[in-house]
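The next block holds one structure in the form of structure tokens; read it before the comments.
The values are calculated or read from the model by the stated rules, or taken from the named source; none is laboratory data. Since the model is a prediction, treat every value here as computed from it, not as a measurement. FYI the Cβ positions are ideal-geometry reconstructions off the backbone, even for glycines, and counts take in every protein chain you see. Remember, those area values only see protein heavy atoms, side chains included, never the ligands or the DNA or RNA. Shrake-Rupley method; radii C 1.70, N 1.55, O 1.52, S 1.80 Å.
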Amino acid sequence: MPEKADVVVIGSGYTGLSAALTLARGGRDVLVLEAKEVGHGGSSRNAGFVGKTLKHSFSSLLSAHGDNYATAVYREMQGAFDYVTDLISNEGIECHYTTCGRYMAANSPDHYEGMAREAETKRKYLGDEFEMVPAAEQHRELGSDLYHGGSIIPALAALHPGLYQLGLLELAKAAGASVLDYTPATAIAQSDGVFTVTTPRGVVHAKDLVIATNGYTGSITPWHRRRLIPFRGFMMTTEEVPIETLDRLFPNSRTTTDFNNDLVFLRRAPDSNRLMIGGLTGTMSDDLPHMAKRFHALAVKIFPDLEQVKVSRMWNGYCAGTFDLYPHIGTHEGAHYALGYCFAGVPMGTYLGDKIGKRILGSADAETIFSEHAFPSKWWCRGDNEWLVPIYMSHLRQLDKLGR
């Protein structure tokens, strides 16, 4: 445990390691603190989808703010996607990265029409290509009869999230960053432009501080905590199944989501012959055997062929949403932060981590449209906001039942 560093980064996920990498290559002495094992959180537990969309649809931004703003936001989402793609390619990160495309399955005929309108609008303004797949042809993309056709977004990608996080870790350490696991920050103080971070292993002083804790943001940073809504994400994998079964269920090996607000996401495992399924987001349960039974039932509902296939693994991890459904990057009381990715953590966590590093280094290309929004909270939020999730998800599920 060093007594001082140029920059202390709290959190070893995509944001923290991306910031550490940029800073270390910029000549700064960087210390990354992780409360548990490195990569414990959502960065190694997510589905590995690499997209370029927000919870705000392009059409909704267009209607509310006009074409200049909507286009600028989604162009920067494309920039985040490209940043991850180029980083993996240029640095040789071995994480099963593939531009497999995504199939978005419609839960109703109205969903299908809405997907087509949104995709056509994005093609008009952004040049994003798509293909609509009617229900009668769905089996060429997904071996399920549950849905009403869907949309193919061919340019989207996928990776192995744990190996990607490990690749960022190795790059940051090779650049000179120090990373300490099982070293939680227990207190933060600032005096005369210097941050003092207390841990069970000692105290470290730094000129700059980065908060990169997202869904694990705790009481030592109460201002940030009041602005985040942490929620559990769940993932299940099956036991290995015959390759013929996977080829029938995922003929083109695309990642898949449905179109509900409370969405289900599916993919072939990147490194084995297993099916992965995620969903039931925000469920307030850590009873993983119970959740495994629920996920098995969900998998069989989508793919009846899996009734006799057993569950192999079940896990969860925390992500974070925000009250305005935007990711946020900025500075509060001298400390830098990037938080609240709202299901876009793989590209946005990496990209905004790099932007934090560039801000501290004073780089000319440090600006981002996601720093322009005030980071909102609610007057009645005083800390742990997870209790909001069941209420909000109940509302979304009701909208799903109504087909909205």
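Observations on the structure shown:
- Options Arg232, Arg254: the member that is under 27 Å from Leu156 (Cα atoms), open to solvent by 10 Å² or more (accessible area, probe 1.4 Å) and at pLDDT 95 or above: Arg254
- Restricted to the stretch 264-310, and to residues there that are open to solvent by 40 Å² or more (accessible area, probe 1.4 Å) and touching a strand residue (DSSP E or B) at 6+ places or on another chain (Cβ under 6 Å), the residue that is farthest from Ile229 (Cα to Cα) is Arg274.
- Within the span defined as the stretch 298-312, one or more residues are within 23 Å of Arg232 (Cβ to Cβ), of a type outside the set (A, V, I, L, M) and assigned to a strand (DSSP E or B).
- Per this entry, Glu244 is counted among residues that are open to solvent by 70 Å² or more (accessible area, probe 1.4 Å), without any contact (Cβ under 8 Å) to a residue 24 or more places away in the chain and either among the acidic types (Asp, Glu) or in a loop (DSSP other than H, G, I, E, B) (or both).
- Against the conditions (1) open to solvent by 20 Å² or more (accessible area, probe 1.4 Å); (2) in contact with a strand residue (DSSP E or B) (Cβ under 8 Å, 6 or more places away or on another chain), Val389 satisfies every one except (1).
- Only listed residue being open to solvent by 50 Å² or more (accessible area, probe 1.4 Å), within 21 Å of Ser60 (Cα to Cα) and aliphatic (A, V, I, L, M), chosen from Ala374, Ala364, Ala344: Ala374
Per-residue answers, yes or no, for (1) in a helix (DSSP H, G or I); (2) loosely packed, with under 15 Cβ neighbours inside 10 Å:
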| position | (1), (2) |
| --- | --- |
| Glu137 | yes, yes |
| Leu163 | yes, no |
| Glu170 | yes, yes |
| Val210 | no, no |
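- Within the stretch 334-370, tally of residues that are within 16 Å of Thr213 (Cα to Cα) and hydrophobic (A, V, I, L, M, F, W, C): 10
- Highlighted here are the helices (runs of 4 or more DSSP H) found entirely within the stretch 10-117 that include at least 3 residues which are open to solvent by 60 Å² or more (accessible area, probe 1.4 Å): 58-65, 67-91.
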